[in-house]
Amino acid sequence: MSTPEDLRIFKTMVSFSPDLICALSPEGRFQHVSDACQRSLGYDATEMIGKHFADIIHPDDCTTALEKFLDAFGRAEPVGFESRCLGKDGQEIHIAWSALRAAADELLICVGRDVTQQRHATQQAREQEMQHRNIIEHGFDMVGLVNEQAVFTYAGGATQHTLGYRPDEMVGHSAFDFVHPDDLEMAESYFALFATQDVISIPDFRFRTASGEWRWLETTLNAYRQDATKIFVVNSRDITERKLSCLVHTEREQRLQVLFDSDSALAVFQTAGGLVLDANPALLAFLKKEKQEILNRPLVDFLPAEIRPLVSQMHLEAAHGAKVQFETKVQFEGEEEKIMKATKTPLMVDGELISVYCMVQDVTEITTAQRLIKQQAAQLTMVMESINDAFFSVDHEWKLTYLNNEAERLLSISRAGALGINLYSLFPEKVGGVCQQNFQQAIATGETMQFETYSESEQLWLEVKAYPFAEGLSVFFTDITKRIEAEKQLKLMALVARGTDNGVVITDAQGRVEWVNEAFTKHTGYDLGELLGRVPGSVLQGPETDPAMVSYIQERMQRHMPFSATILNYKKSGKKLWFAMDTTPIYNEAGQLTQFVTIQQDITFRKEVEASQAAMTQDLYRHNRDLQQFTYVISHNLRAPLANALGLATMLTKMDKNSGVFATALTNLRQSMVQADDVLKDLNLVLSIRDKKDMLALEPLALKEVCEQAINNLDDALQECGGRVALDIKDKLMTRGNRAYLYSIFYNLLCNSIKYRSEERTLQVDIMCCTGAHGGPTITFTDNGSGFDMFKAGSDVFQLYKRFHTNQRGRGIGLFLVKTHVEAMGGKIEVTSEVNFGTRFTIHLDKR
């Protein structure tokens, strides 16, 4: 049972408590109020007694507050809620209430704490953050973007700090992949509302972090269209702590003890000497002690050593009758550092100190928020000063609120003398101009405005971007004078380029196309849209383009040197196109390479004429060579038998027909004519091959089949000499040519191997065929015969009637026919030989 002294102490506590303590009847009328009521609301106790609880509640919060009031009457544990109250002067005051029904008196005990300052600080922080986000949003990053399937296309802002995900870990994933299964259906249903709404606030839901934990998020989605696609801007805030925080209070028998114990702040009563008289559960929990462990002991014994002197000094001042407040950092072993705000109030009765009431609040979050605001402001200032763009902001009265160094430079104004001054007072010439019109439209519509303008006073071209936000207008602008001048020069160049029949190509420093003229399109068939951003060579070069010339062009461009070159390209239609090109590098004022300009002249006709002349020259050379060969044959091989025949014919007219000498002379005459006839047949064969070279009927030929036919026809000769042939040709290896010519090639080479075999060893012939580097068949024909001296033979190896072995009969026409047949089918033949080792022929046939 309470003693009068106890009641006096508690009344003193209530009187000095900064919290509003009151008792309400079941009907909601005030029965008792503490002195703090006048400090908080402006009403004294007599004005409050009898008032209804709803009379001091803001109309917008009245319904919720009354529901909590009724709920508290029906519960045995404290009920906490917050509402706005109206003070006597009409000001809004935010009160955090803790209400508990006192069963003994059928009254509702309410403790109200004025949290207006904290709410204003929070509101200010939000406004500062909104302004910061607005600038960051338009100048830099956004919190998040999702498409119509709720798939993240961008994630930024505080995403990594709050949830632990890097932006790339979220992009490409559906937002619903991270939502708690129990909240998924609700989140999807709200997202579906975008069919009819552009702004949606999704109720609190749980979201999985990178570590697998669940955090409560408060989310707002705003829709806007980008081209034909609907995009959603996602803004989320972590409200986990608010969701999970719950004040747990224990019921006490005594009314004032209930208030003391249910206070969320750390509260303690101390003697003048600092001994603990009582401590509420919040303090005990904070110290992790039981009440009996700290009663009648100095409070400083349970605090970190570094703050004990300060706490002792503050307690001493309070013990001398002064109310003191102070903040200090506190860090207990194994815990994070916290910032605590303490208020020590001396409890005096009849001028005598009976105890010191100490209330301690954790203001870490508020202090951190304030520090964060300052840091963000400093960071924002640093960013604004470091960006290349000039920047300034104005409020709704067009007064400058900020401008960075670049803006000072471009506008030729001083920050110190400009801030707070109306923009158009500083620049009266802008009134009614393009800038003012666009700025006003941005404010009126809430849309970003982007435009270019010329400043007469500064003689500069500026690119301007104006972003409206809640407090006014943010303006970014850049000096684009050089770009405008370059564009003018480029347009002038384009006018000149359009008047020439030569192709003109302008590329960037990396060789990518920026512009081509109409003549280039006429020559190649490619327009600017097909080449823009591409390297011209990657489009125009083809299978017969000279790689060495391509390397030369690339090397000169890499060295930023001018050059001239002639190169074979290809039109869009696939036709060949020869260009004579002159390329010049272009540098800016800083000496940096910016572009290449190439003038291309179509010299295809000239190249075709040169090719035709070369072909004619080659054909004349071949005819001249043949004439020389035929002249040699006629003067040597044909003249000798004809001269013999002429002499014998003259002798026969003077001889006796019945004599033996006549018969011998007649036989010699016949042999001479046979020799002359053989020479004429050989010449006729050679001429026939040459005349039919361009009229051959080419057909697909199986190499192995034709070779085997030649080997089979010479089988008797091979067996007679004991020779062996090793054939290595795949069954499906094909070529296009004349079957008779291909047969003649194999037949003549094999005949020569048999005829000119070595007497010292058994004849071995190896015939191999594979696909050569030129893409067609390559045949190697090797024997181990007697061979011949390559040095002595020289260029006569394949000449008509040239023989290199005197011990065997022959006319010297076989190798000539082989070479003629190979070349008639578009191929070429090579030979290597060594005396007494053998001979190898290498034949490269056309890949047709």
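The values are calculated or read from the model by the stated rules, or taken from the named source; none is laboratory data. Nothing here was measured: the structure is a model prediction, and the numbers come from that model. Virtual Cβ from ideal backbone geometry, glycine too; neighbours counted across all protein chains shown. Note: accessible area is taken over every heavy atom of the protein model, side chains too, but ligands, DNA and RNA are not part of it. Shrake-Rupley method; radii C 1.70, N 1.55, O 1.52, S 1.80 Å.
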Item to complete: Give me the pairs, please: first residue somewhere in the range 33-50 and surrounded by fewer than 14 Cβ atoms within 10 Å (Cβ to Cβ), second residue anywhere and part of a helix (DSSP H, G or I), beta-carbon distance under 8 Å, and either six or more positions apart or on two chains.
Response: Asp44/Cys37; Asp44/Gln38
Item to complete: Please enumerate the residues belonging to the range 582-603 that are in contact (Cβ under 8 Å) with a residue 24 or more places away in the chain and in a strand (DSSP E or B).
Response: Thr583, Pro585, Leu593, Thr594, Gln595, Phe596, Val597, Thr598, Ile599, Gln600, Gln601, Asp602
Practice prompt. Those residues that are among the charged types (D, E, K, R) and over 14 Å from Phe469 (Cα atoms), I need them from the range 394-417; list them, please.
Written response: Lys399, Glu406, Glu408, Arg409, Arg415
Worksheet item: Which strands (runs of 3 or more DSSP E) does the range 340-431 wholly contain that include 1 or more residues that are modelled with pLDDT under 85 and under 30 Å from Ala272 (Cβ atoms)?
Response: 352-362
Item to complete: Provide a single number: the residues in the range 301-329 that are in a strand (DSSP E or B) and touching a helix residue (DSSP H, G or I) at 6+ places or on another chain (Cβ under 6 Å).
Response: 3
Practice prompt. Could you run through the range 5-32 and say how many residues are open to solvent by 70 Å² or more (accessible area, probe 1.4 Å) and among the aromatic types (Phe, Trp, Tyr)?
Written response: 1
Discussion item. For the range 801-823, check the following and say yes or no: at least one residue is under 60 Å from the mean Cα position of the chain (by Cα), over 23 Å from Val725 (Cβ atoms) and at pLDDT 75 or above.
Written reply: yes
Discussion item. At pLDDT below 90 and within 24 Å of Asp501 (Cα to Cα): which single residue out of Val535, Val516 fits that description?
Written reply: Val516
Item to complete: Write out, first by first residue and then by second, each pair whose Cβ atoms fall under 8 Å of each other, whose residues are 6+ apart or on separate chains, and whose first residue, in the range 513-528, is touching a residue at least 40 places away in the same chain (Cβ under 8 Å) and over 13 Å from Ile599 (Cα atoms) while the second is aliphatic (A, V, I, L, M) and open to solvent by less than 60 Å² (accessible area, probe 1.4 Å).
Response: Glu514/Ile506; Thr524/Leu540; Thr524/Leu577; Tyr526/Val516; Tyr526/Val539; Tyr526/Leu540
Worksheet entry | Meets criteria (assigned to a strand (DSSP E or B) and not aromatic (Phe, Trp, Tyr)) for Gly80 | yes
Discussion item. Testing Leu727 on (1) buried (at least 16 other Cβ atoms within 10 Å of the Cβ); (2) not in a loop (DSSP other than H, G, I, E, B), one condition comes back false. Which one is that?
Written reply: (1)
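Got a sec? Which of Leu287, Leu277 is among the hydrophobic types (A, V, I, L, M, F, W, C), out of contact with any His (no Cβ under 6 Å at 6 or more places or on another chain), modelled with pLDDT of 80 or more and within 23 Å of Lys11 (Cβ to Cβ)?
Of Leu287, Leu277, the one residue that is among the hydrophobic types (A, V, I, L, M, F, W, C), out of contact with any His (no Cβ under 6 Å at 6 or more places or on another chain), modelled with pLDDT of 80 or more and within 23 Å of Lys11 (Cβ to Cβ) is Leu277.
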Worksheet item: Can you tell me which residue in the range 270-298 is farthest from His320 (Cα to Cα), limited to those that are in a loop (DSSP other than H, G, I, E, B) and in contact with a strand residue (DSSP E or B) (Cβ under 7 Å, 6 or more places away or on another chain)?
Response: Asn280
Practice prompt. Could you figure out which of (1) surrounded by fewer than 21 Cβ atoms within 10 Å (Cβ to Cβ); (2) within 26 Å of Gln270 (Cβ to Cβ) isn't true of Arg113?
Written response: (1)
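Mind listing whichever residues of the range 565-584 are open to solvent by 60 Å² or more (accessible area, probe 1.4 Å) and either in contact with a Lys or Arg (Cβ under 9 Å, 6 or more places away or on another chain) or more than 23 Å from Glu608 (Cβ to Cβ) (or both)? Walk me through how you get there before you give the answer.
Narrowing the range 565-584 to residues open to solvent by 60 Å² or more (accessible area, probe 1.4 Å): 571-573, 575-576, 578, 582, 584.
Across the range 565-584, the qualifying residues are Lys576, Trp578, Thr584.
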Worksheet item: Of all the residues that make up the range 51-64, how many are assigned to a helix (DSSP H, G or I) and open to solvent by 40 Å² or more (accessible area, probe 1.4 Å)?
Response: 5
Worksheet item: Taking the range 421-444 only, how many residues are of a type in the set (Ser, Thr, Tyr) and in contact (Cβ under 8 Å) with a residue 12 or more places away in the chain?
Response: 1
Worksheet item: Counting just the residues of the range 500-523 that are of a type in the set (A, V, I, L, M) and not in a loop (DSSP other than H, G, I, E, B), which one comes out surrounded by the fewest Cβ atoms within 10 Å (Cβ to Cβ)?
Response: Ile506
Worksheet item: Out of curiosity, is Ala676 modelled with pLDDT under 85, in a loop (DSSP other than H, G, I, E, B) and not charged (D, E, K, R)?
Response: no
Fill in: Verdict on Leu403 being open to solvent by less than 70 Å² (accessible area, probe 1.4 Å), touching a residue at least 24 places away in the same chain (Cβ under 8 Å) and over 30 Å from Leu287 (Cβ atoms)
no
Discussion item. I'd like the residue in the range 282-324 that is within 60 Å of the chain's Cα centre (by Cα) and β-branched (Val, Ile, Thr) and, out of all such residues, is nearest to Glu337 (Cα to Cα).
Written reply: Ile307
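Matching residues to (1) open to solvent by 30 Å² or more (accessible area, probe 1.4 Å); (2) basic (Lys, Arg); (3) at positive phi:
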| site | (1), (2), (3) |
| --- | --- |
| Arg556 | yes, yes, no |
| Arg559 | yes, yes, no |
| Phe563 | no, no, no |
| Ile586 | yes, no, no |
| Val597 | no, no, no |
Worksheet item: Does Val233 qualify as being modelled with pLDDT of 80 or more and not in a helix (DSSP H, G or I)?
Response: yes
